[in-house]
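Here the structure comes first, spelled out in structure tokens, and everything after it is commentary.
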Amino acid sequence: MTILLFSALLLCFSFLAGLLGSLTGLGGGIVIIPVLVLLFHINIHYAMGASLISVIATSSGTTAAYIREGYTNLRIGMFLEVAAVIGAFFGALLIAFVSKTFLTVLFSLVLFFSAYLTIKRNEEHDHYKTSHPWATRLKLDGTYRLKNGESVHYHVQNVPIAFFIMGVAGVLAGLLGIGSGAMKVLAMDQALCLPYKVATTTSNFMIGITAAVSAGIYFTHGYIIPSITFPVLIGVIAGAFFGAKLLTHINNRVLRIIFSIVICFIGIQMLYNVLVGAA
């Protein structure tokens, strides 16, 4: 395969990664890593380096637009990131004492259950007139605009539960070396009871922060290769911009279905890796 054909194909797949990442709040790694490893037979470390760049690009390419529209809640994002970072620290400390295979299977099952909860919730029937006391004190409530220009105010619920979920997500991320975008969306959708578009866009903002920290380490070890990351970067940014424009026109139900399909795919992929590793 010529470098031109490789770059063109990677550009197309990266566009899809940016599009999915911007809509679901999961970043582009779910597409980038399998494509590079399984299709192009790239070393997993170089694939993960490119994946981190794709997550940063997705986050950077969409956050400004989402903040302008009022979707991304910066206060919630920064508050929950505290729990995720603390959890990741303790997860890294526990890595030598906990079975990675057991945790991978457990996390896969959590993803399947998350997909069920995501499909089950009908936020149009949720009408909260008050906020959790922590949300009031921390001023976590927000407002976003619909595509017709109408402003919608939302009240934040169950802040301690969401903080705990994010701590667990951080522990799993530290133990398994994975991103926790799915758990971020779950915490905001199911615990905080945020509008779904607010949950996914705030997750996009949060994963960019986490990926930026990790990318520096990967760059130091030489795992970020320009010939791979450049087409990934261009494609992901283009896809993310398109996704940001598309988000306001997509029904919440459709977004929930897309998210559920994607995290089920992640769960199946993780179970497959365990089975192959055990074989």
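Hull volume per residue, based on the alpha-carbon atoms of the chain and their convex hull, is 121 Å³. Only one residue of TYR128, HIS45, ALA187 has its Cα farthest out toward the positive end of the dipole of segment 3-278, where Lys and Arg carry +1 and Asp and Glu -1 on Cβ, and that residue is TYR128.
Think of each Lys and Arg Cβ as +1 and each Asp and Glu Cβ as -1; about the Cα centre, that makes the dipole of segment 56-123 roughly 100 debye. Candidates PHE265, ILE161, GLY87 compared by Cα position along the dipole of the chain: farthest toward the positive end lies ILE161, with charges placed on Cβ.
Share of carbon and sulfur in the accessible area of the chain stands at 72%, probe radius 1.4 Å. Assuming R0 = 41 Å, can you tell me the calculated FRET efficiency for the pair PHE90 and LYS147, based on Cβ-Cβ distance, to the nearest 0.05? That gives a FRET efficiency of 0.45. Relative to the current alpha-carbon distance between ILE250 and LEU109, full extension at 0.36 nm per residue lengthens the span by 48.0 nm.
Toward the positive end of the charge dipole of the chain, with +1 on the Cβ of Lys and Arg and -1 on the Cβ of Asp and Glu, the farthest Cα among CYS12, TYR196, SER214 is that of TYR196.
Filter LYS129/LYS184; LYS120/LYS197; LYS147/LYS184; LYS120/LYS184 down to the pairs with a C-alpha to C-alpha distance above 20 Å, please. As for pairs spanning more than 20 Å Cα to Cα, those are LYS129/LYS184; LYS147/LYS184. About the centre of its Cα atoms, the chain shows a dipole size close to 280 debye [charges on the beta carbon of Lys, Arg (+1) and Asp, Glu (-1) only; nearest 20 debye].
A 1.4 Å probe run over the chain, with the rest of the protein chains in place, finds 48 Å² accessible per residue. Fully extending the segment from PHE164 to ARG121 would add 13.4 nm, taking 0.36 nm per residue of separation and subtracting the current Cα-Cα distance.
The values are calculated or read from the model by the stated rules, or taken from the named source; none is laboratory data. Everything numeric here is computed off the predicted structure, so don't read it as measured data. Heads up, the Cβs are rebuilt from the backbone with ideal geometry, glycines too, and the neighbour counts pull from every protein chain shown. Side chains are part of the model used for accessible areas, which takes the heavy atoms of the whole protein and leaves out ligands, DNA and RNA. Shrake-Rupley method; radii C 1.70, N 1.55, O 1.52, S 1.80 Å.
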